[in-house]
Amino acid sequence: MRIEITRDAAVYRAATGTFLSRDFLRHTVIATGIANHVEGVQAADATSRFLSVHAADDTVVGVAMRAGGREVYLGELPAESLRPVAEAFAAVAPGNTGVEGLVADAEAFAEHWSALRGVERRELFRTRLFRLGELRFPAGVTGAPRRAVDRDVALCVAWSDAMCTESGLPSPYPSPSVIRQRVAAGRWWLWEAGGHPVSLVAHQVPAGGWARIGPVYTPPGERGHGYASALTAHVSRILRRRGLDVCLFTDLANPTANRIYRAIGYEPVHDFANFVFEERGAVSR
């Protein structure tokens, strides 16, 4: 078993494309991360690292990445590679602050990282990956969808920041400049009711025949009216008509989100865990 790490997303895509194509749904985050870097949507930075695990015959058997200033993200990996993968990232990215992946893999990586770096590990949240089955539209929702345009960027940034604050994600994520790019690309949508925006739904750059919905946000005062459900269904239908499969993640601590997505036809696939690393004795948030 051999591990390779590169900063070049194009080189990485060429090396891992066959492996990723076996299950683009499972690797939706890595596939879109690569696409964002290759297409210039996400600027490469000094922290970006793309990792591949190779068998003795040089076949790729595992992938992981740390990109866009975020924590390590684990794709499919052989169980025996998790310690070497943690060691490899510790060597090139000692300042890494967390890991996300399938629950068992993230737990194992976090345990290895804690031992290597002498830090504490704390589970921050769990998410569930859903894929769209038979699309169903909610009835009786007031209002209509429209694409976000340049004049909406400030609102999209504010709502993105609000969502990050509520969910505990680092903010700003995505950055204002990235949001502006994605609005210009037509990937952010608003639901309007009573003459003003009441909900936001976006989707990531398609990769491997899949498009991932997210972020989704409705301000607290506008919740309970079905706006997010209706807009998610609308964007999902548009993506389906483009010949794409559609997926999304939900926060497992948010029963409302998990219920409404099931109601419009989304089906659960995998559960993921996110761990953060903290200096020993640090006060948890």
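The values are calculated or read from the model by the stated rules, or taken from the named source; none is laboratory data. Every value quoted in this text rests on a predicted model; they were computed, and no experiment measured them. Here Cβ is always computed from backbone atoms with ideal geometry, including for glycine, and neighbour counts include all displayed protein chains. Areas reflect the complete protein model, heavy atoms only, side chains present, ligands, DNA and RNA absent. Shrake-Rupley method; radii C 1.70, N 1.55, O 1.52, S 1.80 Å.
If you take every residue apart from Arg136 with its C-beta less than 15 Å away from the C-beta of Arg136, what net charge results, scoring Lys and Arg +1 and Asp and Glu -1?
Charge balance in the 15 Å sphere: +3.
Which value at 222 nm does the chain reach when only helices count, each DSSP H run of 4 or more adding -39,500 (n - 2.57), with the total divided by all residues and rounded to the nearest 500 deg cm²/dmol?
Using -39500 (n - 2.57) per qualifying helix, the result is -10500 deg cm²/dmol.
Considering only C-alpha atoms, what is the centroid distance from region 236-251 to region 46-119, in Å?
First find each Cα centre; the distance between them is then 28 Å.
Which log10 I(q)/I(0) values does the chain give at q = 0.07, 0.09, 0.12 Å⁻¹ under the Debye formula, counting every alpha carbon as one identical point scatterer?
-0.26, -0.43, -0.77
On a 1.4 Å probe surface of the protein chains, which of His196, His270, His203, His112 comes out largest in accessible area, and what is the full order?
Of His196, His270, His203, His112, the descending order of accessible area is His196, His270, His112, His203.
Along each of the three principal axes of the Cα atoms of region 82-138, give the extent in whole Å, ordering the values from largest to smallest.
50, 19, 19
What distance in nm separates the two pseudo spin-label positions at Leu25 and Ala263, each 7 Å out from Cα along the beta-carbon direction?
2.3
Per 0.36 nm of contour for each residue apart, how much would the distance between Leu155 and Glu123 grow if the chain were fully extended, relative to their Cα-Cα spacing?
Difference between extended and current length: 8.4 nm.
Using a probe radius of 1.4 Å on heavy atoms only, what accessible surface per residue do you get for the chain? Whole Å² is fine.
44
Given a 1.4 Å probe and every protein chain left where it sits, what share in percent of the accessible area of region 13-64 is carbon and sulfur?
Taking all protein chains in place, region 13-64 shows 54 percent carbon and sulfur surface.
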